[in-house]
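Down below is the structure, laid out as structure tokens.
The values are calculated or read from the model by the stated rules, or taken from the named source; none is laboratory data. Quick caveat: nothing in here was measured; it's all calculated off a predicted structure. Here the Cβ positions follow ideal geometry from the backbone for every residue, glycine too, while neighbour counts run over all protein chains shown.
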Amino acid sequence: MAKVMGDVRQIGLVVRDIETAMAHWSKILGVGPWFYKKKVNTTEFSYYGKPSALPELSIALANSGGIQLELIQQRNNAPSLYLDFLGTGAEGIQHVAYWTFDHFDQHRNKLLAQGYEEGHAGRMGEGRGRFAYLLHPDMPGNIIELSEMTGGKGEYFAKIAEAHTNWDGEESVIRID
């Protein structure tokens, strides 16, 4: 079953303070370098199938071996699964992500047919690949992200993986803004 959509490629963590989280992961756990964008350009967003206000997000990405870690801090009150997660009192791992270049609609439709519900979805940046976060009632608290790797996203993620491979531990945060 793990090969239905390929391997899990990313672990997403929702945090209240992204600067503190990056410092912890790099200095204490040796993960980096972090590619940090304080203001992500979310261009489309829906919450439970309805168009919604755009969340203001800060995102940091780094690899630990073959797995990408994503730190997410939401900076406004737009409805999202990120705020829903923080509202439970939790902070940390919120989702796992599968990446696809050419089967986004096929995988999304298969998950929906299996009883998943789309909690939120959208696109970050003009022409970049879509994302969808899906939940299943049989697995509360487990969110699957499906991420479309088109529009340069795949190349950007490959650059992050390569930076990790060559990282000497010195520059722990690369600011993209």
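Tell me, which residue of the range 85-94 that is among the hydrophobic types (A, V, I, L, M, F, W, C) and either buried (at least 17 other Cβ atoms within 10 Å of the Cβ) or in a helix (DSSP H, G or I) (or both) is nearest to the chain's Cα centre (by Cα)? Let's see the steps before the verdict.
Of all residues in the range 85-94, those among the hydrophobic types (A, V, I, L, M, F, W, C) come to 85-86, 90, 93.
Still in the running and either buried (at least 17 other Cβ atoms within 10 Å of the Cβ) or in a helix (DSSP H, G or I) (or both): 85-86.
Details: 85: 14, 86: 15 Å.
Among those that are among the hydrophobic types (A, V, I, L, M, F, W, C) and either buried (at least 17 other Cβ atoms within 10 Å of the Cβ) or in a helix (DSSP H, G or I) (or both), it is 85.
Checking residue 97 against (1) under 23 Å from residue 176 (Cβ atoms); (2) in a loop (DSSP other than H, G, I, E, B): exactly one of these is not met. Which one?
It fails just one condition, (2).
Enumerate the strands (runs of 3 or more DSSP E) found wholly within the range 112-177, keeping only those where 1 or more residues are among the aromatic types (Phe, Trp, Tyr) and touching a His at 6+ places or on another chain (Cβ under 9 Å).
It comes to 130-135.
Looking at this structure, is residue 126 of a type in the set (Asp, Glu) and modelled with pLDDT under 95?
yes
Among 131, 101, which is the only one that is touching a residue at least 40 places away in the same chain (Cβ under 8 Å), under 17 Å from residue 8 (Cα atoms) and among the aromatic types (Phe, Trp, Tyr)?
Of the residues listed, the single one that is touching a residue at least 40 places away in the same chain (Cβ under 8 Å), under 17 Å from residue 8 (Cα atoms) and among the aromatic types (Phe, Trp, Tyr) is 101.
Quick test of your reading of the structure: residue 88 fulfils all but one of (1) touching a residue at least 40 places away in the same chain (Cβ under 8 Å); (2) within 23 Å of residue 141 (Cα to Cα). Name the failing condition by number.
(1)
So, in the range 33-84, of the ones that are touching a Gly at 6+ places or on another chain (Cβ under 7 Å) and small (Gly, Ala, Ser), which residue ends up surrounded by the fewest Cβ atoms within 10 Å (Cβ to Cβ)?
The qualifying residue surrounded by the fewest Cβ atoms within 10 Å (Cβ to Cβ) is 46.
Can you work out which of the residues in the range 25-43 that are more than 15 Å from the chain's Cα centre (by Cα) and either in a strand (DSSP E or B) or not β-branched (Val, Ile, Thr) (or both) is farthest from residue 97 (Cα to Cα)? It would help to see each step written out before you state the result.
First, the residues of the range 25-43 that are more than 15 Å from the chain's Cα centre (by Cα): 25-33, 43.
Of the ones still in play, those that are also either in a strand (DSSP E or B) or not β-branched (Val, Ile, Thr) (or both) are 25-27, 29-30, 32-33, 43.
On the way: 25: 19, 26: 21, 27: 25, 29: 21, 30: 22, 32: 19, 33: 20, 43: 20 Å.
Ranking the candidates gives 27 first.
Considering the range 1-58 alone, what residues qualify as being over 25 Å from residue 125 (Cα atoms) and among the hydrophobic types (A, V, I, L, M, F, W, C)?
1, 2, 4, 23, 25, 28, 29, 31, listed by residue number.
A quick yes/no check of all residues on (1) among the small types (Gly, Ala, Ser); (2) farther than 21 Å from residue 42 by Cα; (3) in contact (Cβ under 8 Å) with a residue 24 or more places away in the chain:
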position	(1), (2), (3)
58	yes, no, yes
63	no, yes, yes
81	no, no, yes
119	yes, no, yes
126	no, no, yes
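What residue, among those in the range 103-139 that are closer than 27 Å to residue 58 by Cα and of a type in the set (D, E, K, R), is surrounded by the fewest Cβ atoms within 10 Å (Cβ to Cβ)?
126
Of the residues that make up the range 1-24, is at least one out of contact with any His (no Cβ under 6 Å at 6 or more places or on another chain), among the small types (Gly, Ala, Ser), free of Cβ contacts under 8 Å to residues at least 12 places away in the same chain and outside any strand (DSSP E or B)? Before you say what the answer is, go through the steps one by one.
Residues of the range 1-24 that are out of contact with any His (no Cβ under 6 Å at 6 or more places or on another chain), as a first pass: 1-4, 6-11, 13-24.
Next, from what is left, pick out any that are among the small types (Gly, Ala, Ser): 2, 6, 21, 23.
This time we only want the ones that are free of Cβ contacts under 8 Å to residues at least 12 places away in the same chain, so: 2.
So of that shortlist, the ones also outside any strand (DSSP E or B) come out as 2.
Yes, the conditions are met somewhere in the range 1-24.
Within the range 111-133, restricting attention to residues that are within 17 Å of residue 149 (Cβ to Cβ) and small (Gly, Ala, Ser), which residue is farthest from the chain's Cα centre (by Cα)?
So the residue we want is 127.
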